[in-house]
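Undergrad: Take this structure, written in structure tokens, and hold onto it; I'll ask about it next.
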Amino acid sequence: MNRNLIIGTTLSSLVIFAALLSFIWTPYAHTAMNIPEKLQSPNWQHWFGTDHFGRDIFSMIMVGARTSIAVALVAVSIGIGIGVPLGLTAAARKGSWLDEIIMRGNDLVFAFPAIVIAILITAVFGAGAINAIIAIGIFNIPVFARVTRGAALSLWERDFILSARVAGKSSARISFEHILPNVMNLLIVQGTIQFSLGILAEAGLSYVGLGAQPPTPSWGRMLADAQTMVSFAPHLALIPGVAIILTVLGLNLLGDGLRDYLDPRLRIARS
Amino acid sequence: MLRYSLKRLMSLILSLAVASLVIFLVIEVAPGDPASFMLGINAQPDTVAALRTELGLDVPKTQRYLTWVSNMLNGDFGTSYTYRTSVATMIADRMWVSLPLALYALVLSTLIAFPAGIYAAARRGKAGDMAVMGATQLGVAVPNFWFAMMMVLVFAINLRWFSAGGFVGWDKGLWAGLHSLTLPAISLALPQAAILARVMRSSLLDILGEDFMRTARAKGLSRRQALWRHGVRNAMIPVLTIIGLQFSFLLAGSIIIEQVFYLPGLGRLVFQAISSRDLIVVESVVMLLVFAVIVVNFIVDLTYAAVDPRLRSRT
């Protein structure tokens, strides 16, 4: 076990635990307004204080973790679900017109930053958490397609793949039975990185109003609400920001740690 | 080199054509008719029909797409549905905020990342390297708009060194303009600087392991001389590529940062356009951003190939 892996796992599990716990318990109902207790600084009753409606920030952060994780997780699944088969196909048909189309298509999608996709979708269908998921998900597709293709290409040169071909297996079957398991480690590491990027992107999109809409709590929207009050209630902006940073930091460290753990060659090269 | 450039140019034109088609089609599926939206629910059918003709909405889709593209090539982006003014003029006005902001951030990011990355690579594994790498780890985890809010709190509200938002305009002078873009540019630059510093470090570490670096030391150069004359120069190639790519991230990122500082840039324009369903403005701004990304990538590819001949044959 390395240090990155330990810190990363601890931070990530803490956030995931808070998100899961929020389904059955939060200190207060996250939507419960209590105007007389508004804008309190952190104290024993309200650990993270209260917002301008007197809502408990600790509870909102817990439920907000749910939104962040759900959006980023589904976006990563979209990226893997579409990108990995594309990458496997491109590698299996290396140099063919199919490979060319897939890779050019990837380049094209890369030209649309997630915020631009979100703007397009929102302009047409209106704002919502689904748009953030689709925008970040589309952005993830070429990332996974490229990683998968790159790793699969070198595997296709290996002897054990040659034996599988001699045994008469189709390239689709080889991709699925032999290539996929061997790129799995890489996909787990990339998945962790895209997951953390997804959390950042979700926060940014909800901050500008292109993501989750009220009453769904989200860290990005909490920051948007806090903006006008930052001079007299800085904790409103400070706490969601720290929540985002710790989550993203945790996932990045987890990704780094997993990479070192799963790929012993890198570990030797380092020491 | 010429053959490679022509090939890349062909794929540039193809990418732009497909991207414009995708954007056009997405905007096409938007529910509701712009003409009836502009005139409100009590409009007479013949007024709506007249406006549809005026906006060119009554011709077939293929023809509309071709007209849109050929007009754009002539610098005509159409007329805004809500403001009834030329979209090109609206965008040009806003570009004078967004573009300098992105460039300013790019310069800052480079100025921070280069020394940090070179320092970390030169002191590999020591405390200085650890500190820089720790800082970059934190830098990539901080949302830039949150960092912007914190800087407003510290430098605008508490210390009063900068204004909390808004843009004074370039007619107040270059210095005043830059001053009001400083906090936005720093917040935009910092996360990118963290990424760039990491690239600089790892690129330089790769070079430091090369044989020619040992030769440089063997012929009597000091560590410092070898690092600067042979190391940093060779490490620049991948770093320059990343800088090129970052420009498009910065331009897109400025959309969010403009919201924090109430800057009248492309971001504000596009959000106003979304809420007033001014789809032609949304369409044009999105096309412009995608155009910028594709063209910058094209330039980066060409520069890369010009510097490193090995790359020309690869793609």
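The values are calculated or read from the model by the stated rules, or taken from the named source; none is laboratory data. This one's a predicted model, so the numbers in the text were calculated from it and none came from an experiment. Here the Cβ is made from the backbone with ideal geometry for all residues, glycine too, and neighbour counts use every protein chain on show. These accessible areas exclude ligands, DNA and RNA; they are computed on the full protein's heavy atoms, side chains included. Shrake-Rupley method; radii C 1.70, N 1.55, O 1.52, S 1.80 Å.
Undergrad: From A:Ser22, A:Ser59, A:Ser12, A:Ser68, grab the single residue that is more than 20 Å from A:Asp225 (Cβ to Cβ), open to solvent by less than 50 Å² (accessible area, probe 1.4 Å), polar (S, T, N, Q) and not in a loop (DSSP other than H, G, I, E, B).
TA: Only one candidate qualifies: A:Ser12.
Undergrad: Something else: Note down all Cβ pairs under 9 Å where the first residue falls in region A:218-235 and is within 11 Å of chain B (Cβ to nearest Cβ) and closer than 26 Å to A:Ala70 by Cβ, the second is acidic (Asp, Glu) and open to solvent by less than 20 Å² (accessible area, probe 1.4 Å), and they're at least six residues apart or on different chains.
TA: Between residues of region A:218-235 that are within 11 Å of chain B (Cβ to nearest Cβ) and closer than 26 Å to A:Ala70 by Cβ and residues that are acidic (Asp, Glu) and open to solvent by less than 20 Å² (accessible area, probe 1.4 Å), the close pairs are A:Trp219/A:Glu202; A:Gly220/A:Glu202; A:Met222/A:Asp51; A:Ala226/A:Asp51.
Undergrad: With a cut-off of at least 3 residues that are polar (S, T, N, Q) and open to solvent by 30 Å² or more (accessible area, probe 1.4 Å), name the helices (runs of 4 or more DSSP H) lying wholly within region A:172-271.
TA: A:180-207
Undergrad: I'd like the residue in region B:45-80 that is hydrophobic (A, V, I, L, M, F, W, C) and assigned to a loop (DSSP other than H, G, I, E, B) and, out of all such residues, is modelled with the highest pLDDT.
TA: B:Phe77
Undergrad: Given (1) in contact with a Phe, Trp or Tyr (Cβ under 9 Å, 6 or more places away or on another chain); (2) within 29 Å of A:Ala29 (Cβ to Cβ), identify the lone condition not met by A:Gly128.
TA: All conditions are met except number (1).
Undergrad: Could you please give the count of residues in region B:117-134 that are away from chain A (no Cβ under 12 Å) and open to solvent by 10 Å² or more (accessible area, probe 1.4 Å)?
TA: Summing the residues that are away from chain A (no Cβ under 12 Å) and open to solvent by 10 Å² or more (accessible area, probe 1.4 Å) in region B:117-134 gives 9.
Undergrad: Out of the residues in region B:17-44 that are more than 27 Å from B:Val295 (Cβ to Cβ), in a helix (DSSP H, G or I) and within 14 Å of chain A (Cβ to nearest Cβ), state the one that is farthest from the chain's Cα centre (by Cα).
TA: B:Phe37
Undergrad: Something else: Among B:Leu196, B:Leu188, B:Leu221, which is of a type outside the set (Asp, Glu), more than 14 Å from every other protein chain (Cβ to nearest Cβ) and assigned to a helix (DSSP H, G or I)?
TA: B:Leu196
Undergrad: Let me ask something else about it. Identify, from the list B:Leu153, B:Leu183, B:Leu178, the residue that is away from every other protein chain (no Cβ under 14 Å), of a type in the set (A, V, I, L, M, F, W, C) and over 30 Å from A:Asp256 (Cβ atoms). Let's see the steps before the verdict.
TA: On the way: B:Leu153 fails: away from every other protein chain (no Cβ under 14 Å); B:Leu183 fails: away from every other protein chain (no Cβ under 14 Å).
On inspection, the qualifying residue turns out to be B:Leu178.
Undergrad: What number of residues in region A:102-147 are farther than 23 Å from A:Thr192 by Cα, part of a helix (DSSP H, G or I) and more than 11 Å from chain B (Cβ to nearest Cβ)?
TA: Selection size over region A:102-147: 1.
Undergrad: So, one more: Which residues, taken from region B:229-261, are over 30 Å from B:Arg217 (Cα atoms) and open to solvent by 30 Å² or more (accessible area, probe 1.4 Å)?
TA: B:Leu245, B:Phe247, B:Phe249, B:Gln259
Undergrad: Go through B:Leu250, B:Leu245 for me and flag whichever is under 18 Å from B:Trp96 (Cβ atoms) and either among the aromatic types (Phe, Trp, Tyr) or part of a helix (DSSP H, G or I) (or both). Full working, then the answer.
TA: On the way: B:Leu245 fails: under 18 Å from B:Trp96 (Cβ atoms).
Going through B:Leu250, B:Leu245 in turn, the sole match is B:Leu250.
Undergrad: Considering B:Val290, B:Val307, which residue is more than 15 Å from A:Val208 (Cβ to Cβ) and surrounded by 21 or more Cβ atoms within 10 Å (Cβ to Cβ)?
TA: B:Val290
Undergrad: Restricting to region B:157-185, what's the tally of residues that are open to solvent by 10 Å² or more (accessible area, probe 1.4 Å) and either in contact (Cβ under 8 Å) with a residue 12 or more places away in the chain or outside any helix (DSSP H, G or I) (or both)? Steps first, please.
TA: We begin by selecting, within region B:157-185, every residue open to solvent by 10 Å² or more (accessible area, probe 1.4 Å); these are B:157-176, B:178-180, B:182.
The next check asks that each one be either in contact (Cβ under 8 Å) with a residue 12 or more places away in the chain or outside any helix (DSSP H, G or I) (or both); those that pass are B:159-170, B:173, B:178-180, B:182.
So the count comes out to 17.
Undergrad: Also: Would you point out the residue of region B:262-285, among those that are open to solvent by 10 Å² or more (accessible area, probe 1.4 Å), touching a Leu at 6+ places or on another chain (Cβ under 9 Å) and in contact (Cβ under 8 Å) with a residue 60 or more places away in the chain, that is nearest to the other protein chains (Cβ to nearest Cβ)? Before you say what the answer is, go through the steps one by one.
TA: Here is the first cut: in region B:262-285, the residues open to solvent by 10 Å² or more (accessible area, probe 1.4 Å) are B:262, B:264, B:268, B:271-272, B:274-277, B:279-280, B:283.
From what's left, touching a Leu at 6+ places or on another chain (Cβ under 9 Å): B:271, B:274, B:280, B:283.
Okay, now just the ones that are also in contact (Cβ under 8 Å) with a residue 60 or more places away in the chain, so B:280, B:283.
Values: B:Ile280: 10, B:Glu283: 8 Å.
Taking the candidates together, the pick is B:Glu283.
Undergrad: Got a number for residues in region B:177-214 being touching a His at 6+ places or on another chain (Cβ under 9 Å) and not charged (D, E, K, R)?
TA: Count: 3.
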